[in-house]
Amino acid sequence: MTTEVRVPTLGESVTEATVATWFKKPGETVAVDEMLCELETDKVTVEVPSPVAGTLAEVVAAEGDTVGVDALLATVTEGAEGSATASPPSTEKKPAEPETAEQPSGASVNVMVPTLGESVAEATVSTWFKAVGDSVAQDEMLCELETDKVSVEVPAPAAGTITEILAAEGSTIQAGGTLAVMSSGDAAAATPKAEPAVAPAPAAGGKDVEDAPSAKKAMAEAGISRDHVTGTGRDGRIMKDDVASAIAAASAAPAPAPAPVVARAPVSADDASREERVKMTRLRQTIAKRLKDSQNTAAMLTTYNEVDMTEVMALRNEYKDLFLKKHGVKLGFMSFFTKACCHALREVPEVNAEIDGTDIVYKNFVHMGIAAGTPTGLVVPVIRDADAMSFHAIEQAIAEKGARARDGKLSMAEMQGGTFTISNGGVYGSLMSSPILNPPQSGILGMHKIQDRPMVVNGEIVIRPMMYLALSYDHRIVDGKGAVTFLVRVKEALEDPRRLLMDL
């Protein structure tokens, strides 16, 4: 039987890859999960394993070809019969033909954890849509995984029947791990199991890049995690020498001090009966960790100012209908604030910079993070090169990414690489707050509720729509003068939007 080898899922925002290297040639025998070829995308390198044992019959996509997701890469003839068909010296393989004839279509196929993202090493199995013994079609969704930021659905690699579930709901599994085992074809239904196994999936190699087989073996023998090894190969691939270096460093390093344990306050039996214990989602755990890490790392300070929104509101009311008619998107306040921040960041570039060791990295571009609340927690999609975008392009990007965030469809790539962040607590009625930095960024602007307040203008008391602004910044590289200057420039641009057109 011939099995097709196709391009795996490359990531939500990645649609194509280039065939970099073929490890096998037509006619060579391959084992299940043995690496056949290597694909390169604009972000990661992905190795494609063989779905079955047999012989590589045909290579459809040659090295250097560009292929899309699910494109046909090659075909593998299962069993020893394939070796006889594909290899020119057929006389050596013919004795094995009877074995292949006895094998039905119920070949064992592993369901693997797909690529999770450039910085995601593990996921939690949130929901199984199928149970042991269920028949599934190819590409039918089997289960859903929850990572730090996004949810990932896992499709069936082939048609058949689920024979074993290795990672139960709630278990944590690493990228590249095995989720379940299937029997492909019609014969698969003959051997279903009664219930899923609850044993955790075996840990596999780390992130998006497949490590050298010798390195994997060395890590397994030494009992060392991939997270403790720094790869020096291409795209961060771990080589055997890297494992040896990590083992040597671990043996020389002192044992870490145990983490402090915070005891839970005593609870009476009556109160305990009225409590509800719910496990934190991975997203909530990540939010908690990143916020605390930010406080522990940065010398965070917040400075405040207020802005009169009269001119922005008047300009918006005057042109909102025409803006919607021409561009198909509503004119909101976020585009004004984004433009004002980009304008101020040019004058105070340290707010748009980050610390890397003992270096300061200045960014000559603005990738603007727009914090968005979702039912599962706060996410920060990034609008790239916002400083080069028009008002309507910014509004369209915010609307599109906001909708994807609420639907849980943002990819990791869409939430990485931000250089500055805007958080709008005013949509929830917040009058004033101190936003926490989004590391490694050095600045975040907090917007708040617009409230009518009495103000003194030209010696007279008038009612004006006012908003408090808060800039939290990393005092290690941003001085007080720079932070105050940044807020003043934002205030000036919003109180007189014509300054944005004049670049003043």
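Out of all the residues in the range 309-319, is one or more over 22 Å from the mean Cα position of the chain (by Cα) and of a type in the set (Asp, Glu)?
Scanning the range 309-319, I find at least one residue that is over 22 Å from the mean Cα position of the chain (by Cα) and of a type in the set (Asp, Glu), so the answer is yes.
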Looking only at the range 379-411, filter to residues that are of a type in the set (A, V, I, L, M, F, W, C) and in contact with a Pro (Cβ under 7 Å, 6 or more places away or on another chain); which one of those is nearest to residue 423 (Cα to Cα)? 405
Inspect all residues belonging to the range 273-296 and state whether any of them is surrounded by 11 or more Cβ atoms within 10 Å (Cβ to Cβ), more than 32 Å from the chain's Cα centre (by Cα) and either modelled with pLDDT under 80 or not hydrophobic (A, V, I, L, M, F, W, C) (or both). no
Among the aromatic types (Phe, Trp, Tyr), closer than 19 Å to residue 316 by Cβ and in contact (Cβ under 8 Å) with a residue 12 or more places away in the chain: is that true of residue 420 in this structure? no
If we keep just the residues of the range 408-456 that are outside any loop (DSSP other than H, G, I, E, B), modelled with pLDDT of 90 or more and over 21 Å from residue 342 (Cβ atoms), which is farthest from the chain's Cα centre (by Cα)? 456
Only one of 397, 403 that is at pLDDT below 90 and within 27 Å of the chain's Cα centre (by Cα): 403
Could you list, in sequence order, the residues of the range 123-174 that are of a type in the set (A, V, I, L, M, F, W, C) and in contact with a helix residue (DSSP H, G or I) (Cβ under 9 Å, 6 or more places away or on another chain)? 123, 150, 159, 162
Number of positions in the range 327-364 that are within 24 Å of residue 475 (Cβ to Cβ) and out of contact with any strand residue (DSSP E or B) (no Cβ under 8 Å at 6 or more places or on another chain): 13
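Counting residues that are among the hydrophobic types (A, V, I, L, M, F, W, C) and farther than 25 Å from residue 410 by Cα, which strands (runs of 3 or more DSSP E) fully inside the range 132-187 reach at least 2?
Ranges flagged: 160-165, 178-184.
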Could you look through the range 334-373, keep only residues that are in a loop (DSSP other than H, G, I, E, B) and in contact (Cβ under 8 Å) with a residue 40 or more places away in the chain, and pick out the one that is nearest to residue 444 (Cα to Cα)? 371
Out of the residues in the range 122-150 that are more than 18 Å from residue 166 (Cβ to Cβ) and either assigned by TED's automatic domain parsing to the domain that holds residue 229 or not β-branched (Val, Ile, Thr) (or both), state the one that is modelled with the lowest pLDDT. 149
Unique match (being part of a helix (DSSP H, G or I), among the basic types (Lys, Arg) and either out of contact with any helix residue (DSSP H, G or I) (no Cβ under 9 Å at 6 or more places or on another chain) or not assigned by TED's automatic domain parsing to the domain that holds residue 357 (or both)) among 326, 279, 289: 289
Only one of (1) surrounded by 14 or more Cβ atoms within 10 Å (Cβ to Cβ); (2) at negative phi; (3) within 22 Å of the chain's Cα centre (by Cα) fails for residue 329. Which number is that? (3)
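The values are calculated or read from the model by the stated rules, or taken from the named source; none is laboratory data. It should be emphasised that the depicted structure is a prediction, and the values quoted were computed from it without experimental measurement. So basically every Cβ, Gly included, is an ideal-geometry build from the backbone, and we count neighbours across all protein chains shown.
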